[in-house]
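Participant: Handing you a structure now.
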Amino acid sequence: MSQIQRQYFGTDGVRGPFGGPVINEIFAARLGIAAARFAKTGRVLIGRDTRESGPPLQKAVAAGLASAGMEPVILDVIPTPALAMAVVAEGASLGIMVTASHNPATDNGIKFFNASGLKLTDAQEIEIESLLGDESTARDALARFASRQGTPQTQPHPAIGELRAYLDKMTSVLPARALDGWSIVLDAANGATCVTSPRILASLGAKLTLLGNEPDGRNINAGVGSEHPQPLAARVRETGARLGIAHDGDGDRCVLCDERGEVLDGDEILTLLALHALRQGKLAADTLVVTVHSNLGVDAAVRAAGGKVARSNVGDRYVAEKMRETGATLGGESSGHIIYSEISSTGDGLLAALKVLEVMLATGKPLSELRQGLKKFPQATINLRVREKIPLARLPKLSAAIGALEHELGDRGRVLVRYSGTEAKLRLLVEGPSDAIVRAGAETLEAAARSELETTA
């Protein structure tokens, strides 16, 4: 676990309710000033998802950047992985994505990418926090930028050129017309992939049924997308599609649904990709990288096939760091962040789906059969909304319950208790030899947590 403490940055950028103490135009301008002081010179691409709070936050970040001598380029809607790729293709100094990913429309956030299309390290985020401009400087920057409204610098750029590299790269993953005759249900979460994913899949010949493809600024992730796969599963069953694909709001996650209407999570996707690569002798370093949150069944399946699993902290940037450390080129999270570093520097929901389609085409097997490579250990998870993230070391009852459960499970399971890096939640996870044992263990942890933390609905 990282020991670096950050005040504003979480697992994946800065995130919170729009108009709150952090995600507002003043703070966004302060963050833009800090980013300029950090990068010092060059162009900065600023993308967004479909939230109605995206454009004012983009302009605020741009105002801060411009006031400190950087050249901001405000883009229209673009998926996060496409922005990361555009930073490299365009030779930009930084990429900034205004998004709250899978969170509801009332939230928003800001993610950073360096000139190599990689998310910033903990140390770099600490440095940016140390360079934040004060509120009066931010207000001055906003006023100066507003006085230039109507200039090319302040107008959204349609992102056509920035998307070109991404569209070309994704289209080339599979052979031309490889999906002719394939019926696929695609759920774009009313988010940033509403244009790109349908365009690419259709160009490969797929017949698409679309869900979550009518963004209005307020419906991103609302009952659709990777966080809500039930409508996707129902539509797959109704249409007889070969599979369903769901993204989150900014397009860096992938959740799939097989032809029976049963949902696959990130662990299942990663396992089937890793097992196929091992059989082909193409899994780099014979290693799959997952996080501490992934099911222990992933380790068992990959080891049985002759590979090995390396684990990282939760967060796709920590996965990417572990991949570079181990020489792996495939890694991800159970949430559906999948990284293929040979093609993309960050999690990419469409790329993950295309690579699964590649396995289906190569083997001739349906997704319901390919998913059988992972036999999950019984697992129970509970997410508690909390008013304050009190350090676990200051919660003696919960600490004692964790210790007792770990002693009981021994090497037959594991316990993971952590705060979310992007939401006000305490996450409890228990794995063990039976459903009854893990359920009882999780309930014991929940009771201890509730006795020491103020929870909300």
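The values are calculated or read from the model by the stated rules, or taken from the named source; none is laboratory data. The structure displayed is predicted, hence computed values, not measured ones. No Cβ is skipped: glycine too gets one built from the backbone with ideal geometry, and neighbour counts run over all protein chains shown. Heads up: the accessible areas ignore ligands, DNA and RNA and are worked out on the full protein's heavy atoms, side chains in. Shrake-Rupley method; radii C 1.70, N 1.55, O 1.52, S 1.80 Å.
Participant: Which one of 307, 263, 223 has its Cα pushed farthest toward the positive end of the charge dipole of region 178-329, where Lys and Arg give +1 and Asp and Glu give -1 at the Cβ?
Facilitator: About the Cα centre, the residue reaching furthest to the positive side is 307.
Participant: For the chain, with all protein chains present and a 1.4 Å probe, just round the carbon and sulfur fraction of the accessible area to a whole percent.
Facilitator: Numbers: 8850 of 17790 Å².
Exposed carbon and sulfur together represent 50 percent of the surface.
Participant: For region 116-249, just list the percent of Cα-Cα distances falling in each 5 Å bin from zero outward, please.
Facilitator: So the P(r) values, bin by bin, are 2, 9, 12, 13, 14, 14, 12, 9, 6, 5, 3, 0.
Participant: Nearest 500 deg cm²/dmol is fine: what mean residue ellipticity at 222 nm does the chain get from its DSSP H runs of n ≥ 4 alone, each adding -39,500 (n - 2.57), divided by its residue count?
Facilitator: Details: 15 runs with 176 residues, N = 457.
For the chain, the value works out to -12000 deg cm²/dmol.
Participant: Please list, ordered by chain and number, the residues whose modelled amide H lies under 5 Å from the amide H of residue 340; skip anything fewer than 5 residues away on the same chain.
Facilitator: Placed amide hydrogens put 348 under 5 Å from residue 340.
Participant: Residue farthest toward the positive end of the dipole of region 356-410, with Cβ of Lys/Arg at +1 and Asp/Glu at -1: which of 399, 357, 373?
Facilitator: So the residue furthest toward the plus end is 399.
Participant: Another question, then. Which value, in Å to one decimal place, does the Kirkwood hydrodynamic radius take for region 1-60 when every pair of different Cα atoms is included? It would help to have the intermediate numbers written out before the result.
Facilitator: Numbers: mean 1/r = 0.0772 Å⁻¹.
By the Kirkwood definition, the hydrodynamic radius is 13.0 Å.
Participant: Another question, then. At a temperature of 10 °C and a viscosity of 1.306 mPa s, determine how fast region 221-320 diffuses translationally according to Stokes-Einstein, using the Kirkwood radius over alpha-carbon pairs as Rh; express D in µm²/s, rounded to the nearest whole number.
Facilitator: On the way: Rh = 14.7 Å.
My calculation gives 108 µm²/s for D.
Participant: State, as an integer percentage, the relative contact order of region 349-457 based on alpha-carbon contacts under 8 Å between residues 6 or more apart.
Facilitator: Working: 134 pairs, mean separation 37.0, N = 109.
The normalised contact order for region 349-457 reaches 34 percent.
Participant: What is the antiparallel percent of DSSP beta bridges lying wholly in the chain, to the nearest 5?
Facilitator: Details: 33 of 59 bridges.
Restricted to the chain, the bridges split so that about 55 percent are antiparallel.
Participant: Rounded to the nearest 20 Debye, what is the dipole magnitude of region 50-161 about its Cα centre when Lys and Arg each give +1 and Asp and Glu each give -1 at the C-beta? The partial results should precede the final answer.
Facilitator: Values: 7 positive and 12 negative charges, 69 e Å.
Dipole magnitude for region 50-161 comes out near 340 debye.
Participant: Given contacts defined as C-alpha pairs under 8 Å and at least six residues apart, what's the relative contact order of the chain, whole-number percent? Write down the numbers at each step before the final one.
Facilitator: Working: 1052 pairs, mean separation 60.1, N = 457.
It comes to 13 percent, rounded to a whole number.
Participant: What distance in nm separates the two pseudo spin-label positions at residue 436 and residue 6, each 7 Å out from Cα along the beta-carbon direction?
Facilitator: Placing both labels 7 Å beyond Cα along the Cβ direction yields 4.4 nm.
Participant: So, taking all protein chains as they sit and a 1.4 Å probe, how much accessible area belongs to residue 30, in Å² rounded to tens?
Facilitator: Residue 30 exposes around 50 Å² with every protein chain in place.
Participant: Which lysines, on any chain, are close to residue 376 with Cα under 17 Å apart, when same-chain ones fewer than 8 places away are left out?
Facilitator: List returned: 308.
Participant: Under the Karplus relation 6.51 cos²θ - 1.76 cosθ + 1.60, θ = phi - 60°, what is the ordered set of whole-Hz ³J(HN,Hα) values for region 33-39, x standing for Gly and Pro?
Facilitator: Rounded to whole hertz, the list is 4, 5, 5, 5, 5, 6, 7.
Participant: For a quick check: with amide H placed at 1.01 Å from N, whose amide H comes under 5 Å from residue 78's, ignoring anything fewer than 5 positions away on the same chain?
Facilitator: For residue 78, the qualifying residues are 48.
Participant: With only Lys, Arg, Asp and Glu charged, each at its Cβ (+1 for the first two, -1 for the last two), find how big the charge dipole of region 206-275 is about the Cα centre; round to the nearest 20 debye. List each step's numbers first, then the result.
Facilitator: Working: 7 positive and 13 negative charges, 67 e Å.
It comes to approximately 320 debye.
Participant: When the Debye formula is applied to the Cα atoms of region 1-103, each taken as the same point scatterer, what base-10 log of I(q)/I(0) results at q = 0.22 Å⁻¹?
Facilitator: The Cα Debye sum returns log10 ratios of -1.23.
Participant: While we're here: Cut-off under 26 Å on the C-alpha distance; same-chain residues fewer than 8 positions from residue 389 excluded. Which lysines are left, in chain and number order?
Facilitator: Output for residue 389: 111, 119, 397, 425.
Participant: Quick one: how many Å² of residue 140 are accessible to a 1.4 Å probe, rounded to 10?
Facilitator: My reading of the accessible area for residue 140 is about 90 Å².
Participant: Scanning the chain for GluC sites (Glu not before Pro) in DSSP loops with at most 13 other Cβ atoms within 10 Å, what's the longest stretch left with none?
Facilitator: Numbers: sites that count: 342, 388, 454.
No qualifying site falls inside 1-341, the longest such stretch.
Participant: In addition: What dipole magnitude, in Debye to the nearest 20, does the chain give about its Cα centre under +1 on Lys/Arg Cβ and -1 on Asp/Glu Cβ? Numbers along the way, then the final one.
Facilitator: Values: 50 positive and 53 negative charges, 63 e Å.
That gives the chain a dipole magnitude of about 300 debye.
Participant: Sequence-distant or interchain residues sharing an amide H contact under 5 Å with residue 209, placed H: which?
Facilitator: Here 184, 185, 186 satisfy the definition.
Participant: On to the next question. Are there trypsin sites (Lys or Arg not before Pro) in region 272-327 that DSSP puts in a loop and that have at most 12 other Cβ atoms within 10 Å, and which ones? Before the final figure, lay out the partial values.
Facilitator: Details: sites: 279, 282, 303, 308, 311, 317, 322, 324; in loops: 282.
Answer by residue number: 282.
Participant: Could you give the accessible area per residue of the chain, probe 1.4 Å, as a whole number in Å²?
Facilitator: On the way: 17790 Å² over 457 residues.
That works out to 39 Å² for each residue.
Participant: Could you state the principal axis extents of the C-alpha atoms in the chain, from the largest down, to the nearest angstrom?
Facilitator: 64, 59, 40
Participant: To continue, here is another question. Starting from the coordinates of the alpha-carbon atoms of region 327-457, obtain the Kirkwood hydrodynamic radius over all distinct pairs and give the value in Å to one decimal. Spell out each step's value before the answer.
Facilitator: Numbers: mean 1/r = 0.0579 Å⁻¹.
After inverting the pairwise mean of 1/r, the radius is 17.3 Å.
Participant: Quick one: Kirkwood hydrodynamic radius for region 264-414, alpha-carbon pairs, angstrom, one decimal?
Facilitator: Working: mean 1/r = 0.0604 Å⁻¹.
When all Cα pairs of region 264-414 are included, the Kirkwood radius is 16.6 Å.
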